[in-house]
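Working notes, beginning with the structure itself.
What follows draws every value from the coordinates through simple rules; no lab data is involved. Treat the numbers as computed from the prediction; the structure is a model and nothing was measured. Backbone-built Cβ (ideal geometry, glycine too); neighbour counts: all protein chains shown.
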Amino acid sequence: MEEAVIPRGMHDCIPDYRDIHAVEVPAYTDIEHHTWAQLYANQHKVLPGRACDEFMAGLDTVGFPAERIPALADISDHIAAHSGWTIMRVDGLVPNYEFFKLLSERIFPSTDFIRRPDELEYTPSPDMFHDLLGHAPLLVNPRFCAFFEKFGQAGVNAFTNPAIDPAARDWLPRIYWYTVEYGLIRNPGGLRIYGAGILSSPKEVLYSLSDGPKKLPFDLEVIANKSYDIWHMQEELFVIDSFDQLEDSFYAWAHRHGLL
Ligand SMILES: [Fe+2]
């Protein structure tokens, strides 16, 4: 997500590719398909027992190909069949207001380019491996989807309702960071990961569950006021007990601040 912007119509800001079937699939090279295959194989090794049960179930449901880059339309169709969410193709990071608006309409924006082979471990701007493997599996989970849609609605309100404290436009990206991108969850089997920023990076998967980062109790007032660092491994992570807790506590927090 980028810095806050003045809300404008979506058509003024980013191309509207809502019909994912109308978007041409790029002619990926063999090297690009190989990059996907390597990334997929790496994560396939490290995710079991570390990614949360809900994510692993979603990974099965979405059914990514192991060897070749999938078409966004195929992944979108699989997700839509289970939750009604769809994927929209975007060029890169989406400005905050437009991003919230899409989520409120149960649309997740994804890029359709893959990182370079020398960026297997880390890419500064999220590519389709991050967007799809990191995010798509939870888009078939009803509890997570309920939270995500509310999050989008709260974001739209933060930009459009003049009665809301403008600071909310900064609070929400922090909440997004410490939940959707870098969240941990307690599963019956132990501490697990649900954040896409962690799940799409082999190093971050191992580091997040090690004794390295501090594991903090989930508190949205703390998170909303906590800045984050996009350039280094995360040293402080917040742990939820369930996606019900995430949705309920987000709703309560947003309600308290007039966002929902
Ligand atoms: Fe992401």
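So here's what we get for this one:
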| item | result |
| --- | --- |
| Which of TYR40, TYR182, TYR194 has the fewest Cβ neighbours within 10 Å, and the rest in rising order | TYR40, TYR182, TYR194 |
| Cα-Cα over 28 Å, subset of LYS101/LYS203; LYS150/LYS215; LYS45/LYS215; LYS101/LYS226 | LYS101/LYS203 |
| Order of LEU209, LEU246, LEU259 - criterion: other Cβ atoms within 10 Å of each residue's Cβ, fewest first | LEU209, LEU259, LEU246 |
| Calculated from backbone phi, Karplus (6.51, -1.76, 1.60) coupling profile of region 112-126 in Hz, x at Gly/Pro | 10, 10, 10, 4, 6, x, 7, 10, 4, 7, 7, 10, x, 10, x |
| Helix-derived mean residue ellipticity, 222 nm - over the chain, DSSP H n ≥ 4, -39500 (n - 2.57), to 500 | -12500 deg cm²/dmol |
| Under 5 Å, built H, 5+ apart or other chain: amide partners of GLY195 | GLY183 |
| Amide H contacts of ILE240 (H built 1.01 Å from N, under 5 Å, at least 5 apart or other chain) | LEU184, ILE185, ARG186 |
| Beta bridges by DSSP in the chain, antiparallel share as percent, to the nearest 5 | 25 percent |
| Restricting region 207-260 to chymotrypsin sites (Phe, Trp or Tyr not before Pro) in coil, as DSSP defines it, with at most 10 other Cβ within 10 Å | TRP231 |
| For region 243-255, 3J(HN,Hα) per residue [Karplus equation, 6.51 cos²θ - 1.76 cosθ + 1.60, θ = phi - 60°, Hz, x = Gly/Pro] | 6, 4, 4, 4, 5, 5, 6, 5, 4, 4, 4, 5, 5 |
| Vicinal HN-Hα couplings computed from phi for region 98-105 (Karplus, 6.51 cos²θ - 1.76 cosθ + 1.60; Hz; Gly/Pro x) | 5, 4, 4, 4, 4, 4, 5, 9 |
| Surrounding net charge for PRO213, when Lys and Arg each add one and Asp and Glu each subtract one, Cβ distance under 15 Å | 0 |
| Translational diffusion of the chain, µm² s⁻¹ [Kirkwood Rh, Cα pairs; Stokes-Einstein; 37 °C; 0.692 mPa s] | 177 µm²/s |
| Contact order normalised by residue count of region 39-91, Cα under 8 Å, 6+ apart, percent | 26 percent |
| Size of electric dipole in region 10-256: Cβ of Lys, Arg +1 and of Asp, Glu -1, about Cα centre, debye, nearest 20 | 500 debye |
| Footprinting exposure proxy for CYS52, CYS145 (fewest neighbouring C-beta atoms within 10 Å first) | CYS145, CYS52 |
